[in-house]
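Written out below as structure tokens is the structure these notes cover.
The values are calculated or read from the model by the stated rules, or taken from the named source; none is laboratory data. Keep in mind that what you see is a predicted model, and the values were worked out from it rather than measured. Using ideal geometry, Cβ is built from the backbone for each residue, glycine included, and neighbour counts are taken over all protein chains shown. Just so you know, the surface numbers come from the protein's heavy atoms only, side chains and all, with ligands and any DNA or RNA stripped out. Shrake-Rupley method; radii C 1.70, N 1.55, O 1.52, S 1.80 Å.
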Amino acid sequence: MAGRNGKAQTVRNMILSLAVVVPIALVSYVFIPHDDGKNAVKTVGYRVELDTARRAAPYPVAAPEGLGEGWRATSVSYRAGGKQGSAWHLGFLDPTEEYVAIEQSDGPAEEFIDSASQRASRTARTQQVAGATWRRYEGEKYNALVREERGVTTVVTGTASYERLTEMAAALKAERTRPEGAAKG
């Protein structure tokens, strides 16, 4: 092997390696699925959980009806009898990709509102939405509209504008489904 230049051999090997690796990488990129969408948040169906919560909850459970185009449900849950009472959660992305959630509980209102609104502060402002009075809360992370009724506190909260929070609050329909076989009263 006398007379061979070690540096030239190293460069030659590197070029040969790249000639093998680059086409494999390009083929992999083309044929392996990837999401080019800007938003990887998945949409969820919530009808089954809503029906279950409406049968189980000790209060009328609220969910929107007739929201405009572009609203997407992203999270849903119901927990019976927890630390903050029986709690309903339904989260959405609005048409501008801002977060809006409906939170309800029959537990202690002050603690629940603090948690649901990410520690937003109560303001002196109220507003009428679909004939009901809602209290405004303002916070660093979330703003909220809060309605306290006998037996249930409803919080519409999130990163969205008050206009979007109001749109959600106006679309809410609260219902309670009587379990099958329950006596009418």
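Tabulated results
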{"quantity": "Exposed-loop-free span, longest in the chain, where GluC sites (Glu not before Pro) count as exposed if DSSP calls them loop and at most 14 other C-beta atoms lie within 10 Å", "calculated": "1-64"}
{"quantity": "Cα-based helix-to-principal-axis angle, 47-56 vs the chain, degrees rounded to 10", "calculated": "40 degrees"}
{"quantity": "Residue-averaged 222 nm ellipticity for the chain, from DSSP H runs of 4+ at -39500 (n - 2.57), nearest 500", "calculated": "-9500 deg cm²/dmol"}
{"quantity": "Percent carbon-and-sulfur accessible area, the chain, ignoring ligands, DNA and RNA, probe 1.4 Å", "calculated": "53 percent"}
{"quantity": "Highest-MSF residue in the chain out of 170, 19, 80 [GNM, Cα springs under 10 Å]", "calculated": "19"}
{"quantity": "In sequence order, calculated HN-Hα J values of segment 102-109 (Karplus, 6.51, -1.76, 1.60; Hz; x Gly/Pro)", "calculated": "9, 10, 9, 7, 9, x, x, 4"}
{"quantity": "Residue 157 - accessible surface, heavy atoms, 1.4 Å probe, Å² rounded to 10", "calculated": "0 Å²"}
{"quantity": "Angle in degrees between helix 6-31 and the longest Cα principal axis of the chain, rounded to the nearest 10", "calculated": "30 degrees"}
{"quantity": "The chain: angle of helix 162-171 to the longest principal axis, Cα-based, in degrees nearest 10", "calculated": "60 degrees"}
{"quantity": "Average accessible area per residue (Å²) across the chain - probe 1.4 Å, nucleic acids and ligands excluded", "calculated": "63 Å²"}
{"quantity": "Efficiency of FRET from Cβ geometry, residue 44 and residue 140, R₀ 22 Å, rounded to 0.05", "calculated": "0.20"}
{"quantity": "Farthest positive-ward along segment 55-185 dipole, Cα basis, beta-carbon charges - from 115, 78, 126", "calculated": "78"}
{"quantity": "Simple Cβ-charge dipole of the chain, Lys/Arg +1 and Asp/Glu -1, about Cα centre, in debye nearest 20", "calculated": "560 debye"}
{"quantity": "Qualifying trypsin sites (Lys or Arg not before Pro) for segment 71-173 [loop in DSSP, other Cβ within 10 Å: at most 10]", "calculated": "150"}
